[in-house]
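Colleague: Got a structure here, written out as structure tokens. Questions coming.
The values are calculated or read from the model by the stated rules, or taken from the named source; none is laboratory data. Keep in mind that what you see is a predicted model, and the values were worked out from it rather than measured. As a convention, Cβ positions derive from the backbone with ideal geometry for all residues, glycine included, and neighbour counts pool all protein chains shown. Note: areas computed on protein heavy atoms with side chains; ligands, DNA, RNA excluded. Shrake-Rupley method; radii C 1.70, N 1.55, O 1.52, S 1.80 Å.
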Amino acid sequence: MASKPADHRARASQIVAALTVEQKAAITSGASFWETVAIADAGIAALTLTDGPHGIRKQVQGADALGLNDSVVAVCFPPAVALAAAFDPALAGEVGDALGRACLAEKVGVLLGRGINMKRSALGGRNFEYYAEDPFLAGRMAAAYVRGVQQHGVGTSVKHFAANNQETERFRVSADIDPRPLHEIYLRAFEYVVRSAQPWSVMAAYNKLNGTYATEDHWLLTDTLRRRWGFEGIVVSDWGAVDDRVAAVAAGLDLEMPSSNGLGPAAIVAAVDDGVLSEAALDECAGRVVALALAAGANAVDTSYDRDAQHELAVTIARRCIVLLQNQPIDGRPVLPLTPSGRLAVIGEFARTPRYQGGGSSKVNPTQVDAALDAIAARAAHEVVFEPGFTLDGSGEPDLAARAVHAARTAEVVLVFLGVPAGDESEGFDRTDWQLPPAQLRLLEQVLAVNPRTVVVLSHGSVVDLAQIVAAPAVVDGLLLGEGGGTALADILFGFDDPSGRLAETIPLRLADGPAYLDFPGELLHVRYGEGVFVGYRWYDAREIPVQFPFGHGLSYTTTTFTEITATPSDVGVDVGVTVTNTGERAGRVVVQVYAGLERSVVARPPRELKGMAALAVAAGERRRVTVTVPRAELAYWDRRAGGPAAGGAMAGGWVVEGGDYRIDVGHSSRDIDASVTVTVVGDSAAQPLSLDSTLSELLAVPAGRAAILGQMRKSLGLTEIDPALEQLIGSIPLRRVVPMMGIDPAELEALLARG
Ligand code: BGC
């Protein structure tokens, strides 16, 4: 069994105890762009950290964090935007497993992924690197990926912690977020991954959170990540994210990357000498870095991996990520899957030159790239003609378009490959609009005018405007599928496999309908998350805003129903039983989506939130009973008052499961619910201890409190009941202020309350 950093903590402490302050400071900073410091005398070897996350980007020469220089050849799996659409953590685990093997072979100790930030706006520049607009989905996928990699004794780095939801001013902006959205949306996936998969490292983000740099935020890195969630690994800075190295050590940031060429370590040494930084804090950081290096060293082996087999896996996985958005009938038959008896016209440069990943630090140097055009030609029984139609930079050339339209006119079916040009989607900047290039849209319009039997295949990393695209009867969303995407697309188009991807992000009708539209990317170095917990479908559903395609949407070539829904409370949560029936004539894959909602709640809640899922294969006509457990913790909301005054300060607040009748919706998307049931859940006792700061109504709601105040009222006013109309009037006044008016001695009441 591979060892993990926690196994080496004792030995690491011994090693650190024998080091000088200078040595300890040195090992908490990188030795180079990708390596940590080795101290040979102490038996500490250098550790290599490498991007990720959907393949290995190990640079041999020319170090940079922006994908500018080449890296070793490695299999490029579907980036997170596509993998999430599989709605299947097991698949993320398979990707992790493959990457763990590749890391061992490439002598990589920590793979810098996965990125699990929320897609707050459709314009987010790194949305292609992130999973979803939903923390449940992102957390489940990421935890499986982390386990997949780490089972090989290779670490992961879950990033970017926290609230790095935009690229604009990412080095300076403060994400200003209230406690509920912070915990329920932006930290939730991180919390799940840490608690359930213990990533070897977490990467502290560039931005500030509520005014403090993430790299210097003690509340974030120590109180929350370590104390509350029990994180055992190291916190590494994003590349160049450290502003003040001393403050970062004090906050719990263990490793500064890349090397600051001695500056960071020198500042640490000076601060320890001056007594500004405790040596114990430095020891903690150094100890954790050493434990990580020891674990990686202990797991290192000389091995190799089979790139061809991994390419095949990349194809298989890509097939499961493709989302069939629309498939309308023409002459009584859906356009897909293709069963051509005549010529196929393939149009669009992306068919020949695939767009399969985004730009920046996650850019992988692929082993081979499958073009959809080749794979289609190999599968088609009849003639296939190709016309690029437009150039890759998105510009249109009249000749190209004219030739494409001509080819479309005489074909039986037309496949039009459209997409966002590579240069428009990269780390480092946000998008400014969501339209496909006008030349592509014009081309589609012309093609549809001459041949309505047209399928659009899309390649893009973030949501695009589909208003004109949905004029085509069939639309296949290929997102960014990695190096095997071309083959996978052909398999789906011809029906060799069932499309089973589901949207991990709502596609709105208008950009202006989005939750963060007025608050993105912020102003004057602050971005206020004014939509609160209402992110993605939580927003569109709560506001009943019509959308182009809802979260969770994705068609199949067969039809499936969910019936006989049951919901049974158990010790661990709610067991939701569903009968899944494939009512069609083809085998298919189905994703059971389980949402929960609580209408009468003490907090503002979305109508429904994803809380369970199951992806499964169902044969034609098959009927299966499935149980999806909604963990109790998933029903909780964040209560800033929980824990009571004793918790205080940095540890204030906590999760509370509110008692009540929860509605469980089981369906095919957040807007396509097959059936709902109600289940009564007993709540946590969230009662705040009564004090003089409680209101009169809060006191009256509790029998002991009611007895205490009525007793006092009898004494002072001779009254035995409080009139409901009067309570309405004065019920919201804190006791400290209202009881003196009633002639009651606050001290006496307080004493009574203290006795309970
Ligand atoms: C990115 C990280 C990446 C790091 C190293 C940064 O620019 O934000 O995601 O891991 O560079 O390349």
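Colleague: Could you grab me the full set of residues in the range 61-106 that are touching a Phe, Trp or Tyr at 6+ places or on another chain (Cβ under 7 Å) and within 14 Å of the ligand (Cβ to nearest atom)?
Modeller: 63, 65, 79, 80
Colleague: Specify which of the listed residues (663, 589) is out of contact with any His (no Cβ under 9 Å at 6 or more places or on another chain) and surrounded by fewer than 21 Cβ atoms within 10 Å (Cβ to Cβ).
Modeller: On the way: 589 fails: surrounded by fewer than 21 Cβ atoms within 10 Å (Cβ to Cβ).
That would be 663, the only listed residue that is out of contact with any His (no Cβ under 9 Å at 6 or more places or on another chain) and surrounded by fewer than 21 Cβ atoms within 10 Å (Cβ to Cβ).
Colleague: Hey, can you tell me all the residues within the range 43-57 that are crowded, with 23+ Cβ neighbours inside 10 Å, assigned to a loop (DSSP other than H, G, I, E, B) and not aliphatic (A, V, I, L, M)?
Modeller: Once the filter is applied, which keeps residues that are crowded, with 23+ Cβ neighbours inside 10 Å, assigned to a loop (DSSP other than H, G, I, E, B) and not aliphatic (A, V, I, L, M), the range 43-57 yields 52, 53, 54, 55.
Colleague: Answer yes if at least one residue in the range 194-205 is of a type outside the set (Gly, Ala, Ser), within 16 Å of the ligand (Cβ to nearest atom) and without any contact (Cβ under 8 Å) to a residue 60 or more places away in the chain, and no otherwise.
Modeller: Filtering the range 194-205 for residues of a type outside the set (Gly, Ala, Ser) gives 194-195, 198-200, 202-203.
Still in the list and also within 16 Å of the ligand (Cβ to nearest atom): 199-200, 202-203.
Next cut, without any contact (Cβ under 8 Å) to a residue 60 or more places away in the chain only: 199, 202.
So far as the range 194-205 goes, yes, one or more of its residues are of a type outside the set (Gly, Ala, Ser), within 16 Å of the ligand (Cβ to nearest atom) and without any contact (Cβ under 8 Å) to a residue 60 or more places away in the chain.
Colleague: Just to be sure, is residue 131 away from the ligand (no atom under 16 Å from the Cβ), touching a residue at least 24 places away in the same chain (Cβ under 8 Å) and aromatic (Phe, Trp, Tyr)? Step through it out loud before you land on a result.
Modeller: Numbers: away from the ligand (no atom under 16 Å from the Cβ): no; touching a residue at least 24 places away in the same chain (Cβ under 8 Å): yes; aromatic (Phe, Trp, Tyr): yes.
The answer is no for residue 131.
Colleague: For the range 304-336, what are the residues that are outside any strand (DSSP E or B) and open to solvent by less than 20 Å² (accessible area, probe 1.4 Å)? Spell out the reasoning first.
Modeller: Of all residues in the range 304-336, those outside any strand (DSSP E or B) come to 304-322, 328, 331-332, 335-336.
310, 311, 314, 315, 317, 318, 321, 322, 335, 336 - these are the residues of the range 304-336 that are outside any strand (DSSP E or B) and open to solvent by less than 20 Å² (accessible area, probe 1.4 Å).
Colleague: Return yes or no: is residue 146 closer than 23 Å to residue 616 by Cα and of a type in the set (Val, Ile, Thr)?
Modeller: Values: closer than 23 Å to residue 616 by Cα: yes; of a type in the set (Val, Ile, Thr): yes.
So residue 146 passes the test.
Colleague: So in the range 134-173, with the set limited to residues that are open to solvent by less than 10 Å² (accessible area, probe 1.4 Å) and among the charged types (D, E, K, R), which one is farthest from the ligand (Cβ to nearest atom)?
Modeller: 134
Colleague: For the range 415-438, name all the residues that are among the β-branched types (Val, Ile, Thr) and either surrounded by fewer than 21 Cβ atoms within 10 Å (Cβ to Cβ) or closer than 16 Å to residue 470 by Cβ (or both).
Modeller: Here is the first cut: in the range 415-438, the ones among the β-branched types (Val, Ile, Thr) are 416, 420, 432.
Correct list: 416, 432.
Colleague: Oh, and also: Anything in the range 350-384 that is within 16 Å of the ligand (Cβ to nearest atom), open to solvent by 40 Å² or more (accessible area, probe 1.4 Å) and either polar (S, T, N, Q) or in a helix (DSSP H, G or I) (or both)? List them, or say none. Talk me through it step by step, then tell me what you get.
Modeller: If we filter the range 350-384 for residues that are within 16 Å of the ligand (Cβ to nearest atom), which is where we start, we get 357-365.
Okay, now just the ones that are also open to solvent by 40 Å² or more (accessible area, probe 1.4 Å), so 363, 365.
Residue satisfying the conditions is 365 alone.
Colleague: Looking at the range 518-532, can you tell me whether even one residue there is more than 27 Å from residue 428 (Cβ to Cβ), open to solvent by less than 20 Å² (accessible area, probe 1.4 Å) and either at pLDDT 95 or above or not aliphatic (A, V, I, L, M) (or both)?
Modeller: Yes, some residue in the range 518-532 is more than 27 Å from residue 428 (Cβ to Cβ), open to solvent by less than 20 Å² (accessible area, probe 1.4 Å) and either at pLDDT 95 or above or not aliphatic (A, V, I, L, M) (or both).
Colleague: With the checklist (1) farther than 21 Å from residue 292 by Cα; (2) touching a Pro at 6+ places or on another chain (Cβ under 8 Å) in hand, flag the one item residue 32 doesn't pass.
Modeller: (1)
Colleague: Name the single residue that is modelled with the highest pLDDT among those in the range 726-741 being open to solvent by 20 Å² or more (accessible area, probe 1.4 Å) and over 49 Å from the mean Cα position of the chain (by Cα).
Modeller: Within the range 726-741, the first condition is being open to solvent by 20 Å² or more (accessible area, probe 1.4 Å), and the residues that meet it are 726-730, 732-734, 736-737, 740-741.
When the remaining residues are screened for being over 49 Å from the mean Cα position of the chain (by Cα), the result is 726, 740-741.
On the way: 726: 87, 740: 92, 741: 89.
Taking the candidates together, the pick is 740.
Colleague: Still on this structure, I have one more. For residues that are in a loop (DSSP other than H, G, I, E, B) and more than 20 Å from residue 652 (Cβ to Cβ), scanning just the range 206-231, find the one that is farthest from the ligand (Cβ to nearest atom). Even if it seems obvious, please write down each step before you answer.
Modeller: Taking the range 206-231 first, the residues in a loop (DSSP other than H, G, I, E, B) are 206-207, 210-211, 217, 229-231.
Still in the running and more than 20 Å from residue 652 (Cβ to Cβ): 206-207.
Details: 206: 7, 207: 11 Å.
Looking at the filtered set, the residue picked out is 207.
Colleague: Here's another thing I want to ask about it. Checking residue 58 against (1) touching a helix residue (DSSP H, G or I) at 6+ places or on another chain (Cβ under 6 Å); (2) of a type outside the set (S, T, N, Q); (3) away from the ligand (no atom under 12 Å from the Cβ): exactly one of these is not met. Which one?
Modeller: Going through the list (1) touching a helix residue (DSSP H, G or I) at 6+ places or on another chain (Cβ under 6 Å); (2) of a type outside the set (S, T, N, Q); (3) away from the ligand (no atom under 12 Å from the Cβ), residue 58 breaks only (3).
Colleague: Continuing with the same structure: For residue 105, only one of the following conditions fails: (1) modelled with pLDDT of 95 or more; (2) open to solvent by 10 Å² or more (accessible area, probe 1.4 Å); (3) assigned to a loop (DSSP other than H, G, I, E, B). What is its number?
Modeller: Evaluating residue 105 over (1) modelled with pLDDT of 95 or more; (2) open to solvent by 10 Å² or more (accessible area, probe 1.4 Å); (3) assigned to a loop (DSSP other than H, G, I, E, B) leaves (3) as the failure.
Colleague: I'd like to know if the range 393-409 contains one or more residues that are basic (Lys, Arg) and in contact with a strand residue (DSSP E or B) (Cβ under 9 Å, 6 or more places away or on another chain). Steps first, answer last, please.
Modeller: Filtering the range 393-409 for residues basic (Lys, Arg) gives 403, 409.
When the remaining residues are screened for being in contact with a strand residue (DSSP E or B) (Cβ under 9 Å, 6 or more places away or on another chain), the result is 403, 409.
Yes, the range 393-409 contains a residue that is basic (Lys, Arg) and in contact with a strand residue (DSSP E or B) (Cβ under 9 Å, 6 or more places away or on another chain).
Colleague: Something else: Counting only residues that are open to solvent by less than 20 Å² (accessible area, probe 1.4 Å) and either within 16 Å of the ligand (Cβ to nearest atom) or out of contact with any Ser or Thr (no Cβ under 8 Å at 6 or more places or on another chain) (or both), how many does the range 240-253 have?
Modeller: Initial filter on the range 240-253 (open to solvent by less than 20 Å² (accessible area, probe 1.4 Å)): 241, 245, 248-249, 251-253.
Restricting the remaining residues to those that are either within 16 Å of the ligand (Cβ to nearest atom) or out of contact with any Ser or Thr (no Cβ under 8 Å at 6 or more places or on another chain) (or both) gives 241, 253.
Within the range 240-253, residues that are open to solvent by less than 20 Å² (accessible area, probe 1.4 Å) and either within 16 Å of the ligand (Cβ to nearest atom) or out of contact with any Ser or Thr (no Cβ under 8 Å at 6 or more places or on another chain) (or both) number 2.
Colleague: Can you find, within the range 35-54, the residue that is farthest from the ligand (Cβ to nearest atom) among those that are within 26 Å of the chain's Cα centre (by Cα) and closer than 23 Å to residue 295 by Cβ?
Modeller: Restricting attention to the range 35-54, the residues satisfying the condition of being within 26 Å of the chain's Cα centre (by Cα) are 48-54.
Next, only the ones that are closer than 23 Å to residue 295 by Cβ stay: 48-53.
Details: 48: 12, 49: 8, 50: 8, 51: 5, 52: 7, 53: 8 Å.
Ranking the candidates gives 48 first.
Colleague: Another question about this same structure. Return yes when residue 441 is open to solvent by 10 Å² or more (accessible area, probe 1.4 Å), in contact with a strand residue (DSSP E or B) (Cβ under 6 Å, 6 or more places away or on another chain) and outside any loop (DSSP other than H, G, I, E, B) and no when it is not.
Modeller: Details: open to solvent by 10 Å² or more (accessible area, probe 1.4 Å): yes; in contact with a strand residue (DSSP E or B) (Cβ under 6 Å, 6 or more places away or on another chain): no; outside any loop (DSSP other than H, G, I, E, B): yes.
It is false that residue 441 is open to solvent by 10 Å² or more (accessible area, probe 1.4 Å), in contact with a strand residue (DSSP E or B) (Cβ under 6 Å, 6 or more places away or on another chain) and outside any loop (DSSP other than H, G, I, E, B).
Colleague: Tell me, please, whether a residue that is among the aromatic types (Phe, Trp, Tyr), farther than 20 Å from residue 170 by Cβ and open to solvent by 10 Å² or more (accessible area, probe 1.4 Å) can be found in the range 201-222. Break it down stepwise before answering.
Modeller: Going through the range 201-222, the residues among the aromatic types (Phe, Trp, Tyr) turn out to be 206, 213, 219.
Next, from what is left, pick out any that are farther than 20 Å from residue 170 by Cβ: 219.
Add one more test, that the residue is open to solvent by 10 Å² or more (accessible area, probe 1.4 Å), and what stays is 219.
Yes: one or more hits.
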